[in-house]
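Below: the structure, in structure tokens.
The values are calculated or read from the model by the stated rules, or taken from the named source; none is laboratory data. Computed from a predicted structure; not experimentally measured. Note: ideal-geometry Cβ built from the backbone for every residue, glycine included; neighbour counts use all protein chains shown.
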Amino acid sequence: MSLNKGKASLEFEKALDIGRPPNIVELFPNSRGLIVSGKVIDRAMIKKGKAMTIAANGRNQFVIRGVLRAAQRANAAIIIEIAKSEGGANAYCAVNFWNMARQVDAIMNELSITVPVAIHADHYGIKGSQDVEAARTEIPSMLDAGITSIAIDASHLPDEENLLANLTLNPYLPKWAGYETEVGEIKGKEGLSTSAEALFLIQGLNAHDIFPDWIALNNGTTHGIEASDEGIQVPLTEEIHNALDQYIISGAQHGTSGNNSERLRNIAQTTRTTKANVATALQMISWGVEVNEFGNAILDDNGEFVKVPEDGMPDNVWDEMVTFAKSEGLKGGNYKKLNLPFENKLLGLPRNFRDRMSKGVEEFVYGLLIDVFSARDTAPLAIEAIIEAGSYDLGPKGTRIEDPGEWTEGKIHERASLLDVDKGPAGDFDD
């Protein structure tokens, strides 16, 4: 064994010993899977510089397996996530908030995955007071099940209610956990986020000693299948990130599927983005649907998805899936709702089909990590961050700048009334 390999092995063992959060140690006391806080992943990307990593929505087990294999090949620290719409109480996927960590840990041990992985609850949507009340018990239950990072997404609400929801729910998040907040609901070119909105949210949190690791924006992208080539507005993202500079917050880029590689490289190179969500592309690739180089599904002349015979599931199972979709009136992006009814059928396929489903995901994600996101060799940087901190808890990046007396509930409402914002059209924009 070379000296470098020996040192890396010792550092991994040290990180395994001190770097797993308490909930993960309790759940998996004998595991050799290095499941970590989302903070660890963010710090690794910052340390490398001009790098972001994949936050892969594990809509099915084949996606999870493929992403983990790709990360190991790229020696990259990554995030596996599921959104509330995908894996919450009314989920359309079999993978959910309460079994995702268990699946990831089992696969990491099976495949001898040694790169650090965070388990993220994405788009934990808060659309009203009833959601805030439910979150008081649901968030602790998710942490009990192995979540190590969470996105409190109250972007559907007016700005002051968004901030107040984040303030109300923050006590339910452990200080060691990764934390993402969001301003501007993801809805494409409509209702774009502004620097003023982002500052309002982050300053209000800062005044109460709350320091998010990431902020997500509506910067021109969409969830699901990208119908145009407009996508991410990089200059807008850069402008907002620069406005937040003194608060030391990274960007979380939602809706990357379908955006071209050059735009994604630009978002990594010119903004403070360290987390790039990829969902629909991975689902489609695992099934064997033909996609372009950006992961956007290709449609035939009739507007139907094209199944590649040599990829993904067997053609006869795909035909069954299409027939079921038609019977349920599912088209386009709503094919996502096929995940739940078909997961067990796909898990029951012969191994060669299961292997090629995850292999397609692996190859696509490996290309993103290496050629687009610049995430290669960030795993050792994540391990270094744990060892330098001497703990699973890396602490906050920022410090309090704002005066709490200027951010009481009454003054929050006053400040919000002065914001000039355009939230765009109403509608269901869930992932």
Residue satisfying all of: in the stretch 130-159; touching a Lys or Arg at 6+ places or on another chain (Cβ under 9 Å) and more than 23 Å from residue 253 (Cα to Cα); surrounded by the most Cβ atoms within 10 Å (Cβ to Cβ) among these: 146
When residues of the stretch 379-431 are limited to those that are of a type in the set (Gly, Ala, Ser), assigned to a loop (DSSP other than H, G, I, E, B) and surrounded by 13 or more Cβ atoms within 10 Å (Cβ to Cβ), the one modelled with the lowest pLDDT: 424
Residue match in the stretch 335-349 (condition: more than 15 Å from residue 278 (Cβ to Cβ), among the hydrophobic types (A, V, I, L, M, F, W, C) and touching a Ser or Thr at 6+ places or on another chain (Cβ under 6 Å)): no
Neighbours by Cβ (under 9 Å, 6+ apart or cross-chain): first from the stretch 331-342, among the small types (Gly, Ala, Ser); second modelled with pLDDT of 95 or more: 332/305
Residue selected from the stretch 319-340 under the condition more than 18 Å from residue 281 (Cβ to Cβ) and small (Gly, Ala, Ser), by the criterion surrounded by the most Cβ atoms within 10 Å (Cβ to Cβ): 325
From 82, 107, residue being more than 18 Å from residue 280 (Cβ to Cβ) and hydrophobic (A, V, I, L, M, F, W, C): 107
Checking residue 39 against (1) over 21 Å from residue 256 (Cβ atoms); (2) surrounded by fewer than 24 Cβ atoms within 10 Å (Cβ to Cβ); (3) not aromatic (Phe, Trp, Tyr), the condition it does not meet: (2)
From the options 107, 113, residue that is under 20 Å from residue 8 (Cβ atoms) and out of contact with any His (no Cβ under 7 Å at 6 or more places or on another chain): 113
So residue 199, is it within 21 Å of the chain's Cα centre (by Cα) and either under 18 Å from residue 81 (Cβ atoms) or surrounded by fewer than 19 Cβ atoms within 10 Å (Cβ to Cβ) (or both): no
When residues of the stretch 283-311 are limited to those that are in contact with a Phe, Trp or Tyr (Cβ under 7 Å, 6 or more places away or on another chain) and aliphatic (A, V, I, L, M), the one surrounded by the most Cβ atoms within 10 Å (Cβ to Cβ): 285
Scan of the stretch 6-33 for residues that are free of Cβ contacts under 8 Å to residues at least 40 places away in the same chain and outside any loop (DSSP other than H, G, I, E, B), ordered by number: 6, 7, 9, 10, 13, 16, 17, 25, 26
In the stretch 247-276, residue farthest from the chain's Cα centre (by Cα) [restricted to those that are of a type in the set (Gly, Ala, Ser) and in a strand (DSSP E or B)]: 250
